[in-house]
Amino acid sequence: MVAEYLTLLVSIILVNNFVLVQFLGLCPFMGVSNKLETAIGMGLATTFVLTLSSVLAYLVYNWLLVPLGLEFLQTISFILVIAVVVQFTEMVVKKTSPLLYRVLGIFLPLITTNCAVLGVALLNVKNNHSFIQSFLYGFGGAIGFSLVLILFSAMRERINQADVPKPFKGSAIGMITAGIMALAFLGFSGLVPA
Amino acid sequence: MAFVNITSPHVVGHNSVTLMMGKVCLALVPALVALTYFFGWGYVINAVLAVSAAVFFEVIITLLRKRPILFAIKDLSAVTTALLLALAVPPFLPWWATIIGIFFAIVFIKHLFGGLGHNPFNPAMAAYALLLISFPLQMTTTWSIALTETQSLLSFGDTLTAIFKSSNIDSYTGATVLDVYKHNVAALTQNEITQNPIFGSFVANGWEWVSLMYLLGGVFLIWQKVITWHTPVSVLGGLLIMSVLFSYDADTSTSISLHFLAGSTMLGAFFIATDPVSSATSNLGKLYYGVGIGVLIYVFRTWGPNPDGFAFAVLLMNFCAPFIDHYTRPRTYGQDKATRGYKA
Amino acid sequence: MSELNNTNQQFYALPGGVHPPENKAQSNQQPIQAGPIPDELVLPLSQHIGAPSKVIVEIGQKVLKGELIARNDGFISANIHAPTSGTISAIEQRPIVHPSSMDAMCIIIEPDHYDTWTNRSPILDFKTLTNAQLVEKIQQAGIIGMGGAGFPTHVKYPTKTDNIDTLIINATECEPYITADDRLMRERADGIIKGIEICQQILSPKQVFIGIEDNKPEAVKALEAAVLKSESNNISVRVFPTKYPSGGEKQLVYILTGKEVPKGGLPSQVGIVCQNIGTIYAIYDAVMNDNALISRVTTVTGDAGGELGNYEILIGTPINALLSHVKWNEKSAQRVIIGGPMMGFTAQNLSAPLVKNANCLLVPKKKELAKQNPANPCIRCGQCEQVCPAGLLPQQLHWYAKNDDFEKAKLANLADCIECGACSFVCPSQIPLVQFYRYAKGKIREEDRAHAEAERAKARFEARQARLDIVAAEKAEKRKIRAEKAARSAKAKKTGTVPDADLIAKARAKIEAGKAANSSIVAPIIDLVSLEQTLEKAKTKVITTKKRIEDSKVSAPEMIDALEIALGKFVDNANKAQITFDEAKKAGTNTAQIVDPKTTAITNADNFECIESLTAKANKAQDKLEKAKQRLADAKENTPEKVEMLTTSLEKFSQKAIDTQAQLKAFTSKANSNTKASEQVVNQKEVEQVDVEQLQNAYDLAKQKHEKALVRLDNAKQDKPHLVDGLEKNVSAFLKKSEELKKHLDQAVANDPQALEKQKNVAKQKLEKATKKLENILQKLEDAKANKPDLVPAFEKTVILMQTQFEKAKAAVTALENSPITVQSELNLSQPEMIVEVLETVEELQPQYDQALQKYEKALVRLDNAKQDKPHLVDGLEKNVSAFLKKSEDLKIKLDQALSNDPQAKQKQRVILEANAQKAQKKLDVMLSKLEDAKANNPDLIPAFEKSVKTLQTKLDKANAQLKEEA
């Protein structure tokens, strides 16, 4: 049981990492990763949003849509759930840490459009996850996202000070770095049997 | 008369990058000799090919960036990278794969990120990973079988043909030791597996000597203060811990000695993980870094699809290295505690 | 005899460190030789850390060896002494040895080569001196740290020495090439140990360590021998392996004791004092031999240095003097380094002097010191980190310094770098690391300074904002208080309670002051009635105040005090009034006593003033009553819950209205009675004491008042109809009074033979006054034109006014001179418009008549307009119309008279009429042209212009008609 959940976690954090393997959620990944502090803040916010929306999406799907036979409404209802959660998160962040709120700026509401969030909800449906599995899926996905985001921002700080050729400075070399990291993460593939 | 106006210090040591890189290359020579002895000319040819391609690409890029060429070539860093890659890939790898790998390493990983000293990833390992992902067939089927009483080696001319013309050399290629063990461990016991001729009398035929040569070269480097002991020891230590924890029973998983003496463990621990540009900076950071690599090597070997995933392990830890640096700053004289993290 | 006790203690290995080639053998073979006496000695005033010394000698003064020539300036400063006997030849800017190669103030001594010492008093036993005396001696001798930095030594010996437990003597001399301390130890070990004992006495540490590297075995031996000879038993010679930079103070403290000096702190914080061994010898020399610090041992080394070795040079020896003394190889020298190869700096100007902390002169040949190749990029090999003695990450520091990332550099403790050069010594890429750190440190210093400035500016700004806020808050407070007071008073008025007694007193005082100003000369007539009035008022005041006190006891207790004070005053007043009234009564109703004319004037004027204010009050009350009635009606319709409240307030208002009306009636009757009384008095008195002048003045005053009242009435008729009644009564009252006074005046004039004279006097007085006023105002105008140009128009207006008054006065005087009888009453000079002036000449009469006619016509027009939309003004305007008509008719009569009198009248008249016609014509022409322009350019002005054209046309016609009429 525990091993199964552990496998699921490992799978979603490393093997099927949302950013580097499934290529979801690249916008905040590239946009917020210039400084380490903002990356950590963003990671926390996304974790909160992802976990909560994954659980809520599961509940909405299984307790509302399925009994009413409205499965075709899943995309729209998930988006609604995500928007609500993000708004709630935004309010919480604004109250607790105005500095973080200011620093994150537009990227906080942009979590709504983070395809990883919607992806988690839809993948939960597709894979017929149970409640615990959905929760772990969301939480693990967020952990994977945050992990990669934080590591990438530390790397980005270093690359920003390197002698990169002028045409590649800025986001270009960031994208290339992300690509090489994705290459590295391919080593995890097959680690966990699908 | 006019005197030179320089500020202190006025004395510099006689160290230079060329010297350092030269020592690294020198340390690789015994291993190269052992490899050639046991596995044929493939490694030498690959080495020559890789080095020439590397220098060529480096010249092109330096010209494009309008920097002095000789100054760039002189520091032997491209040579070292090429040599390391040549020693990592299978001996019969087609020439174009080697060239592609070198191109990727020199142009993309090294110069695109800023040149010497700026690359965040290990060029050789990134190239290896690229080749493994892109050409899995070539990367897995061109390993040479070691020299034994029964197995002979290909001649020099034939090796050249094999590399450049991809001729059929099936009788000389085979799976690596780790590969064989891994694929059979589920079904057979250790004794049964080691009946396979490639295992030889000790651990793995030929591979133990090669590993030993790598070890000697690494010790030489530590003695010459080219590298410190932190990274190699921590890599081996990590691997040791993991294999003790999970591989105590040789019947169910690869044995510890095999882990250490087969494959590219020693190469990785002493030469690849210690690449200073892409590893962590402080001594404590190097320890974490090395342990991470060791653990990941074990994970990839045991549960991953690839038989030898140390390239990915190194790349992943390269990725983590800047983050490790933030949190492993050493304590300065006069401080009570080191300043860790990104805030004062 | 003490024992060697340096065997058991361990040393702590210095982290990092490098081993550059030592190169000490070139210069430590031969003993210390004497240095030269150069041709001139240059002594910078700032050879030490701290404030530069103050010069106490003059140019041309002869000094002896060891004589004080510059005194310390403050605590952290040092003395400077003359190194040899000679003359002060100059005190000027000279190049000094410093990496910046800047000039500094120096004392230049020209030696006389006799080398005569000043008076010295050596002692035999330092133990006889107290600690303070020892420190004093150290300070007098001008001893500073001779190992490099140059910190004044006496500062290191604090008055409280109970927390120092280790004295460390730095004999390490870790830098290559330098051997000065080595030879010093070998040759003068006894003196050194004596010096240590002196320091021991001052500090009384538990132990003394002499830290020395193991590449100086002979020195170790010498020191050990000397230690054995000494009496103190806690000196130990600690030998440790040679490594650069173990000689750094912080590093040595760690090596010998394992303690670390806290970041940004001093060794004394961990109970340690560190001294260089050369300084110790200087202390010995100063205390025992009374030798000031005037010489030091300096190594001359390097392949191009000539005769290498150690020389005891005089402080202030120029570099080239020493170099020529050692016969250096100028041609093959590549550079001249002051100090060692790791931390020394190159000398720019060889005439710069060697100072107290210059321990080495290194003159290498071209290939002797390894050339630094062009730098490769940093390959992050970590060698630098391995050798850094301060435990830093030099490659990260270099990375941050290169990218100007000073925040991260500070985070990585850049400030702890001691710039020893070990990192750049081992760097494979041969990067000039120390130079990067110096650059970064400089930038950080600059940024911190700018930041501190910004913080100060911000603090100033915030303080200013705070101050402004406080001022604004105070103002708001005051405003609030005032508003509250006003609200309270308004509320009090509404509800019937009395406002603040202070305010009343103030208002009273104001009114009285104003009245006093107004009434300059008044009739000293006292009437019993007014006295009675005053008495009654006083009594009522007392009663009301008492009542108010009762009220306030209930509702506003804070006012009781003020009210009681007021009550006291009012009681006094009432008593006074009573007394005066009684006396007046006693004296008889008819005989008037000349009491203070002001009061009577006040009372008289009071009446009329009071009338006005009372009228105003009555009218206001009436207004409020109307409004309240309306509000009640509204409320009855819409908001029934307010009805009750409004009814009560309505009652209050009606009561108030009734009250005020009653007051007004009472006052008017009183005023009338007063006037009557005053008239009576006047009538009665005219026989006895009536004075023409006074009557004249009174009459003038009355006339003025009448005119003013008329004006006010007119104004009121237009916009304050409720005041009209009261004002009309005023007007009639004043008119009556003035007429009465006129009668009396005429009578008086008739009775008084000297009336005319008196009248003339009065007129002359008035003329004088007017002249004075005019002069005054002209003066003011001149001033304004000079200094305050914006006041000029106002002054000009006043000037015009004064001028008219002056002319009128003049005219009156001349009139009096000319025709005595008829002009008696008409001396009123104030209102030029409405007074019918006595004019005889046609030239004057004709325009007057025209004007009057115009006014009549205008009034007619206004009356017509008013009949349509302002019916309340109709009466007043009708009166106006009749008045103007009357005036014009009068003038016409006069004009005719004048015309008949004047033979040339007709001609004059004709002239005037023609002039009028011409004027009209001109105006019309101008207007027509303007109209043409407008038609061309500004079509929107056309209607206005057409109107003006019409009016001017009518005027012209009139003028022509007049002309024809007269013709």
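Given region A:1-96, what helices (runs of 4 or more DSSP H) lie entirely inside it while holding 2 or more residues that are surrounded by fewer than 16 Cβ atoms within 10 Å (Cβ to Cβ)?
On the way: elements: A:2-10, A:26-31, A:36-60, A:74-96.
Correct list: A:2-10, A:36-60, A:74-96.
Out of the residues in region C:344-366 that are surrounded by fewer than 23 Cβ atoms within 10 Å (Cβ to Cβ) and assigned to a loop (DSSP other than H, G, I, E, B), state the one that is nearest to the other protein chains (Cβ to nearest Cβ). Quick ask: steps written out before the conclusion?
Within region C:344-366, the first condition is being surrounded by fewer than 23 Cβ atoms within 10 Å (Cβ to Cβ), and the residues that meet it are C:345-346, C:348-351, C:365-366.
Still in the running and assigned to a loop (DSSP other than H, G, I, E, B): C:348-351, C:366.
On the way: C:348: 7, C:349: 10, C:350: 9, C:351: 13, C:366: 9 Å.
For region C:344-366, the residue satisfying everything is C:348.
Condition first: in contact with a Lys or Arg (Cβ under 7 Å, 6 or more places away or on another chain) and under 27 Å from residue C:435 (Cβ atoms). Can you find one or more residues in region B:18-34 that meet it?
Yes, region B:18-34 contains a residue that is in contact with a Lys or Arg (Cβ under 7 Å, 6 or more places away or on another chain) and under 27 Å from residue C:435 (Cβ atoms).
May I ask you to say which residue of B:76, B:64, B:70 is within 14 Å of chain C (Cβ to nearest Cβ) and free of Cβ contacts under 8 Å to residues at least 12 places away in the same chain?
B:70 is the lone residue from the list that is within 14 Å of chain C (Cβ to nearest Cβ) and free of Cβ contacts under 8 Å to residues at least 12 places away in the same chain.
Give region B:307-344 a look and list any residue that's touching a Gly at 6+ places or on another chain (Cβ under 7 Å), in a loop (DSSP other than H, G, I, E, B) and at the interface with chain A (Cβ under 7 Å from one of its Cβ atoms), or say none.
B:309
Please determine whether any residue of region C:885-895 is touching a helix residue (DSSP H, G or I) at 6+ places or on another chain (Cβ under 6 Å), more than 14 Å from residue C:845 (Cβ to Cβ) and either assigned to a helix (DSSP H, G or I) or of a type in the set (Gly, Ala, Ser) (or both).
yes
Do we have residue C:301 as away from chain B (no Cβ under 12 Å), over 60 Å from the mean Cα position of the chain (by Cα), at negative phi and buried (at least 22 other Cβ atoms within 10 Å of the Cβ) here?
Values: away from chain B (no Cβ under 12 Å): yes; over 60 Å from the mean Cα position of the chain (by Cα): yes; at negative phi: yes; buried (at least 22 other Cβ atoms within 10 Å of the Cβ): yes.
Here the answer is yes, as residue C:301 does meet what is asked.
Determine whether region B:97-104 contains at least one residue that is at pLDDT 90 or above, within 14 Å of chain A (Cβ to nearest Cβ) and closer than 26 Å to residue C:382 by Cα.
No, region B:97-104 contains no residue that is at pLDDT 90 or above, within 14 Å of chain A (Cβ to nearest Cβ) and closer than 26 Å to residue C:382 by Cα.
Can you pull out every residue in region C:359-380 that is of a type outside the set (Asp, Glu), more than 30 Å from residue B:120 (Cα to Cα) and out of contact with any helix residue (DSSP H, G or I) (no Cβ under 9 Å at 6 or more places or on another chain)? Give the steps one after another, and end with the answer.
Kept after step one, since they are of a type outside the set (Asp, Glu), are these residues of region C:359-380: C:359-367, C:369-380.
In the following step, the residues that additionally are more than 30 Å from residue B:120 (Cα to Cα) were identified as C:359-367, C:369-371.
Correct list: C:362, C:364, C:365, C:366, C:367, C:369, C:370, C:371.
Please enumerate the residues belonging to region C:38-50 that are in a loop (DSSP other than H, G, I, E, B) and buried (at least 16 other Cβ atoms within 10 Å of the Cβ). Write out each step before concluding.
At the first step, the residues of region C:38-50 found to be in a loop (DSSP other than H, G, I, E, B) are C:38-40, C:45-50.
Across region C:38-50, the qualifying residues are C:38, C:40, C:45, C:46, C:47, C:48, C:49, C:50.
I'm trying to understand the selection: among the residues of region B:130-151, which are in contact with a Phe, Trp or Tyr (Cβ under 7 Å, 6 or more places away or on another chain) and more than 13 Å from chain A (Cβ to nearest Cβ)?
The initial filter retains those residues of region B:130-151 that are in contact with a Phe, Trp or Tyr (Cβ under 7 Å, 6 or more places away or on another chain), namely B:130, B:142, B:144-147.
Answer for region B:130-151, where residues must be in contact with a Phe, Trp or Tyr (Cβ under 7 Å, 6 or more places away or on another chain) and more than 13 Å from chain A (Cβ to nearest Cβ): B:142, B:144, B:145, B:146, B:147.
Specify which of the listed residues (B:242, B:266) is touching a Leu at 6+ places or on another chain (Cβ under 8 Å), in contact (Cβ under 8 Å) with a residue 40 or more places away in the chain, in a helix (DSSP H, G or I) and not basic (Lys, Arg).
Numbers: B:242 fails: touching a Leu at 6+ places or on another chain (Cβ under 8 Å).
Selected residue: B:266, the only one of B:242, B:266 that is touching a Leu at 6+ places or on another chain (Cβ under 8 Å), in contact (Cβ under 8 Å) with a residue 40 or more places away in the chain, in a helix (DSSP H, G or I) and not basic (Lys, Arg).
Which ones in region B:47-72 are basic (Lys, Arg) and touching a helix residue (DSSP H, G or I) at 6+ places or on another chain (Cβ under 8 Å)? Outline the logic, then answer.
As a first pass, look at region B:47-72 and keep what is basic (Lys, Arg): B:65-67.
Scanning region B:47-72 gives a single hit, B:65.
I need the full set of residues from region C:261-275 which are buried (at least 19 other Cβ atoms within 10 Å of the Cβ) and within 8 Å of another protein chain (Cβ to nearest Cβ), in order please. Can you show your working first?
From region C:261-275, those buried (at least 19 other Cβ atoms within 10 Å of the Cβ) are C:261, C:267, C:272-275; that's our starting set.
Result: C:261, single match.
Within region C:391-411, which residues are crowded, with 22+ Cβ neighbours inside 10 Å, at the interface with chain B (Cβ under 7 Å from one of its Cβ atoms) and either of a type in the set (A, V, I, L, M, F, W, C) or not in a helix (DSSP H, G or I) (or both)?
Within region C:391-411, C:392, C:393 qualify.
Would you call residue C:322 more than 10 Å from chain B (Cβ to nearest Cβ) and among the aliphatic types (A, V, I, L, M)?
yes
Looking at region B:109-129, which of its residues are in contact with a Pro (Cβ under 7 Å, 6 or more places away or on another chain) and more than 7 Å from every other protein chain (Cβ to nearest Cβ)?
Hits for region B:109-129 are B:109, B:110.
Failed condition for residue C:371, given (1) part of a loop (DSSP other than H, G, I, E, B); (2) free of Cβ contacts under 8 Å to residues at least 24 places away in the same chain; (3) facing chain B (nearest Cβ under 7 Å), with all others met?
In the conditions (1) part of a loop (DSSP other than H, G, I, E, B); (2) free of Cβ contacts under 8 Å to residues at least 24 places away in the same chain; (3) facing chain B (nearest Cβ under 7 Å), residue C:371 misses (3) alone.
State the number of residues belonging to region C:212-261 that are touching a helix residue (DSSP H, G or I) at 6+ places or on another chain (Cβ under 7 Å) and closer than 28 Å to residue B:334 by Cα.
Looking only at that region, the number is 14.
Table: residues versus (1) part of a strand (DSSP E or B); (2) within 30 Å of residue C:212 (Cβ to Cβ); (3) more than 49 Å from the chain's Cα centre (by Cα).
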{"position": "C:99", "(1), (2), (3)": "no, yes, no"}
{"position": "C:107", "(1), (2), (3)": "yes, no, no"}
{"position": "C:114", "(1), (2), (3)": "no, no, yes"}
{"position": "C:137", "(1), (2), (3)": "no, yes, yes"}
{"position": "C:142", "(1), (2), (3)": "no, yes, no"}
{"position": "C:155", "(1), (2), (3)": "no, yes, no"}
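Report yes if some residue within region B:279-298 is of a type in the set (Val, Ile, Thr), part of a loop (DSSP other than H, G, I, E, B), touching a Ser or Thr at 6+ places or on another chain (Cβ under 6 Å) and within 14 Å of chain A (Cβ to nearest Cβ); otherwise report no.
We begin by selecting, within region B:279-298, every residue of a type in the set (Val, Ile, Thr); these are B:281, B:291, B:293, B:295, B:297.
Filter once more, so that each one left must be part of a loop (DSSP other than H, G, I, E, B): B:281.
Now drop any that are not touching a Ser or Thr at 6+ places or on another chain (Cβ under 6 Å), which leaves none.
No, there is no match, as no residue in region B:279-298 is of a type in the set (Val, Ile, Thr), part of a loop (DSSP other than H, G, I, E, B), touching a Ser or Thr at 6+ places or on another chain (Cβ under 6 Å) and within 14 Å of chain A (Cβ to nearest Cβ).
When residues of region C:438-468 are filtered for being in contact with a helix residue (DSSP H, G or I) (Cβ under 6 Å, 6 or more places away or on another chain) and either touching a residue at least 40 places away in the same chain (Cβ under 8 Å) or not assigned by TED's automatic domain parsing to the domain that holds residue C:401 (or both), how many remain?
The qualifying residues number 1.
The values are calculated or read from the model by the stated rules, or taken from the named source; none is laboratory data. Computed from a prediction, not measured in an experiment: that's the story for all the values here. So basically every Cβ, Gly included, is an ideal-geometry build from the backbone, and we count neighbours across all protein chains shown.
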